[in-house]
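K.L.:
Please see the structure below; I have some questions.
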Amino acid sequence: MKPVRKAVFPVAGLGTRFLPATKAFAKELLPVVDRPLIQYAVDEAREAGIEQMIFVTGRGKVGLEDYFDIGFELETTMRARGKSLDLLEPTRMPPGSIASVRQQEPLGLGHAVWCAREIVGDEPFAVLLPDDLMVGKPGCVAQMVEAYNKVGGNIVCVQEVPRERTASYGVITPGSADGRLTEVKGLVEKPRPEDAPSNLAVVGRYILQPEIMRILEDKETGAGGEIQLTDAMAKLIGQQPFHGLTFEGERHDCGDKVGFVIANIALALKRDDVAPAVRAFIADL
Ligand code: G1P
């Protein structure tokens with residue numbers, strides 16, 4: 001079984017739900033406390049042993065590449081003023097460990113993943129949607145890699161959601177369960193609550209086999225007229241092992257304003273430097 005060494009980060013989205021904040025920069029650079037969303041996702045991947053980060057970007061998203069580069073002017077000025085560069089440490093990446101490709105048109109998540117096919121090559125890979133901020137110890141991808149090393153094949157992260165929310169997610173038809181691992185018998189993208197096969201929703205973390213790229217090649221469209229990753233994954237069921245892993249930890253949906261504000265509060269309350277003042281403010285409120 002080949003190890004999971006690469007991760008794809010689909011980051012081409014326009015972030016229209018956060019306008020005007022995201023008019024001039026990538027939504028993945030929005031900070032939760034003091035770190036951008038992309039930093040949390042890249043840290044999670046590194047913790048899981050991922051060596052190669054593949055960004056699927058779009059126009060107006062160069063800030064994401066700059067973020068992980070050396071900030072020459074900034075650093076030179078800070079050094080000249082005798083300031084510590086320690087806070088920049090998380091942005092330092094081994095040379096060559098970030099690659100990026102462009103998704104020229106917004107044709108769907110499946111299409112975004114397919115855009116990374118040449119860099120992914122013939123090996124299993126992870127997919128992380130940075131909008132989903134996953135907080136856990138170990139991190140979500142690390143939990144998934146551990147499960148992958150036991151069962152192989154394809155693994156999606158799943159979470160129970162209220163029935164009335166199924167139309168926002170990919171939803172699985174669950175088979176037999178073994179602890180936090182559930183066999184996936186079927187997958188459907190954004191079903192109406194009355195049509196949903198369960199309330200186990202796919203959240204933004206995947207470990208996939210490279211064969212998915214050949215299915216995505218067909219560019220079949222699904223829900224919303226987009227090329228859906230969920231539809232391509234559904235075609236692998238029966239051909240390769242396919243499981244859902246229930247993540248032990250918290251998920252914050254930072255693609256949504258309310259989720260984003262909650263994430264800031266939740267993470268601030270875990271941070272020694274800001275928690276006391278934030279807690280005092282909330283208590284007062
Ligand atoms: C995407 C996927 C969906 C998944 C969700 C998780 O949807 O298509 O299957 O459940 O991410 O966040 P989106 O949120 O891009 O509409």
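The values are calculated or read from the model by the stated rules, or taken from the named source; none is laboratory data. Since the model is a prediction, treat every value here as computed from it, not as a measurement. Cβ sites come from the backbone with ideal geometry, for glycine too, and all protein chains shown count toward neighbours. These area figures cover heavy atoms from the full protein model, side chains too; ligands, DNA and RNA do not enter into them. Shrake-Rupley method; radii C 1.70, N 1.55, O 1.52, S 1.80 Å.
K.L.:
Tell me, in nm to one decimal, what length is gained between Leu269 and Asp178 on full extension, where the rule is 0.36 nm per residue of separation less the Cα-Cα distance?
P.N.:
Between Leu269 and Asp178, full extension yields 29.4 nm more.
K.L.:
Shifting gears a bit: Can you give the helix-only mean residue ellipticity at 222 nm for the chain, where every DSSP H stretch with n ≥ 4 adds -39500 (n - 2.57) and the sum goes over all residues, rounded to the nearest 500 deg cm²/dmol? Write out the running numbers ahead of the final one.
P.N.:
Values: 10 runs with 84 residues, N = 285.
Counting only the DSSP helices, I get -8000 deg cm²/dmol.
K.L.:
Okay, next question. What net charge is computed for the residues neighbouring Ser176, neighbours being all others with C-beta under 14 Å from the C-beta of Ser176, Lys and Arg scored +1, Asp and Glu -1?
P.N.:
In short, 0.
K.L.:
Over 29 Å apart: what share of the alpha carbon pairs of the chain falls there, rounded to a whole percent? Walk me through the intermediate numbers first.
P.N.:
Details: 13583 of 40470 pairs.
Percent of Cα pairs beyond 29 Å in the chain: 34.
K.L.:
Taking the Cα atoms of region 64-187, report the difference between the largest and smallest coordinate on each principal axis, in whole Å and largest first.
P.N.:
The Cα atoms of region 64-187 stretch 61, 35, 34 Å along their principal axes.
K.L.:
Ok, one more. How do 91-102, 167-178 rank on mean C-beta neighbours within 10 Å, highest first?
P.N.:
Answer by packing, highest mean first, reads 167-178, 91-102.
K.L.:
Return the distance in nm (one decimal) between the two label points of a simple spin-label model at Glu164 and Leu88, each offset 7 Å from Cα along Cα→Cβ.
P.N.:
Taking the two extended label points, one gets 4.9 nm.
K.L.:
Okay, moving on. Ignoring ligands, DNA and RNA, what accessible area per residue does region 154-285 give at 1.4 Å, in Å²?
P.N.:
In whole numbers, region 154-285 has 50 Å² accessible per residue.
K.L.:
Holding the Cα-Cα limit at 24 Å, pick out from Lys23/Lys257; Lys6/Lys61; Lys61/Lys257; Lys27/Lys235; Lys150/Lys185 the pairs that are longer than that.
P.N.:
Correct reply: Lys27/Lys235.
K.L.:
Here's something else I'd like to know. Using square roots of five times the C-alpha gyration tensor eigenvalues, list the equivalent-ellipsoid semi-axes of region 136-261 in whole Å, biggest first.
P.N.:
Numbers: eigenvalues 82, 79, 42 Å².
In descending order the semi-axes read 20, 20, 14 Å.
K.L.:
Which peptide among 21-30, 205-214, 107-116, 192-201 comes first, and what is the full order, when sorted by highest mean count of other Cβ atoms within 10 Å?
P.N.:
Ranking the peptides 21-30, 205-214, 107-116, 192-201 by packing returns 107-116, 205-214, 21-30, 192-201.
K.L.:
Work out how much length Val261 to Leu14 would gain on full extension: take 0.36 nm times their residue separation and subtract the Cα-Cα distance, in nm to one decimal.
P.N.:
Values: separation 247, 0.36 × 247 = 88.92 nm, distance 1.93 nm.
Here the answer is 87.0 nm.
K.L.:
Further question on the same structure: Please build a GNM for the chain, connecting alpha carbons under 10 Å apart, and tell me which residue among Pro20, Pro124, Pro138 fluctuates the most.
P.N.:
Result: Pro20 has the largest fluctuation of those listed.
K.L.:
Of all accessible surface on region 197-256 at a 1.4 Å probe, what whole percent is carbon and sulfur?
P.N.:
Of all accessible area on region 197-256, carbon and sulfur atoms account for 42 percent.
K.L.:
Please list the helices of the chain that count as membrane-span-like by this rule: a mean Kyte-Doolittle hydropathy of at least 1.6 together with Cα atoms stretching 15 Å or more along the helix axis, each helix being a complete DSSP H run.
P.N.:
Helices meeting the span and hydropathy rule in the chain are 257-268.
K.L.:
So what is the relative contact order for region 95-245, in percent, with contacts set as C-alpha pairs under 8 Å and at least six apart? Intermediate values should be presented prior to the final figure.
P.N.:
Working: 259 pairs, mean separation 50.7, N = 151.
So the answer I get is 34 percent.
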